[in-house]
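As structure tokens, the structure follows; a few thoughts come after it.
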Amino acid sequence: MAERGINSIVWHHGRDRIDVIYVEGDTDRLWGSESVAVVLANNAGLTAVSAPEGTRRWVRDPDDP
């Protein structure tokens, strides 16, 4: 089975909710700390970008294949 590509990750402070958005548009909802979200984002090769207060967001470089 092929691994699904992750397009972005959003971590929500206070709820410790992590939304993982895949290239295909599907979303998984996980629960974990900010440090868990950072590890997920780093492992997926995502870059941190600005996000609304109370959240952190990482996205894939649009030029990355």
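The values are calculated or read from the model by the stated rules, or taken from the named source; none is laboratory data. Computed from a prediction, not measured in an experiment: that's the story for all the values here. Reconstructed Cβ throughout: ideal geometry from the backbone, glycine too, with neighbour counts over all protein chains shown. Only protein heavy atoms, including side chains, enter the accessible area calculation; ligands, DNA and RNA are left aside. Shrake-Rupley method; radii C 1.70, N 1.55, O 1.52, S 1.80 Å.
Among GLU24, GLU53, GLU34, the order of accessible area from largest down is GLU53, GLU24, GLU34, computed with a 1.4 Å probe on protein heavy atoms. Rounded to the nearest 20 debye, the dipole size of the chain about its Cα centre is 220 debye, using +1 on the Cβ of Lys and Arg and -1 on the Cβ of Asp and Glu.
Between ALA44 and ASP26, the distance separating the two model label sites (each 7 Å from Cα on the Cα→Cβ line) works out to 1.3 nm.
Against the criterion of solvent-accessible heavy-atom surface with a 1.4 angstrom probe, SER50, SER35 sort, most first, into SER50, SER35.
Over the chain, what is the mean sequence separation of C-alpha contacts under 8 Å (at least six apart), divided by residue count, expressed as relative contact order in percent? It would help to have the intermediate numbers written out before the result.
Details: 107 pairs, mean separation 21.2, N = 65.
After rounding, I find 33 percent.
With protein chains left intact and a 1.4 Å probe, residues in the chain average 69 Å² of accessible area per residue. For the chain, the share of accessible area belonging to carbon and sulfur comes to 50 percent (1.4 Å probe, ligands and nucleic acids excluded).
Backbone phi angles across segment 12-22, fed through the Karplus curve with coefficients 6.51, -1.76 and 1.60 (θ = phi - 60°), yield HN-Hα couplings of 10, 5, x, 10, 6, 9, 10, 9, 10, 9, 8 Hz in residue order; Gly and Pro are listed as x. Taking amide H atoms as placed 1.01 Å from N in the peptide plane, the amide H of ARG17 lies under 5 Å from those of HIS12, GLY32, each 5 or more residues away in sequence or on another chain. The DSSP beta bridges internal to segment 7-65 are antiparallel in roughly 100% of cases. Put simply, the amide H of THR55, placed in the peptide plane, has neighbours under 5 Å in HIS13, leaving out anything fewer than 5 places away on its chain.
Per-residue ellipticity at 222 nm for the chain, helices alone: DSSP H runs ≥ 4 residues times -39500 (n - 2.57), over residue total, nearest 500 deg cm²/dmol? Spell out each step's value before the answer.
Numbers: 1 runs with 10 residues, N = 65.
Computed mean residue ellipticity for the chain: -4500 deg cm²/dmol.
Gain on full extension, evaluated as 0.36 nm per residue between GLU53 and ASP16 minus their Cα-Cα distance, stands at 11.9 nm.
Need the full-extension length gain, VAL36 to ASP63, defined as separation in residues times 0.36 nm minus the C-alpha distance. One decimal, nm. Walk me through the intermediate numbers first.
Working: separation 27, 0.36 × 27 = 9.72 nm, distance 2.57 nm.
My answer for the length gained is 7.2 nm.
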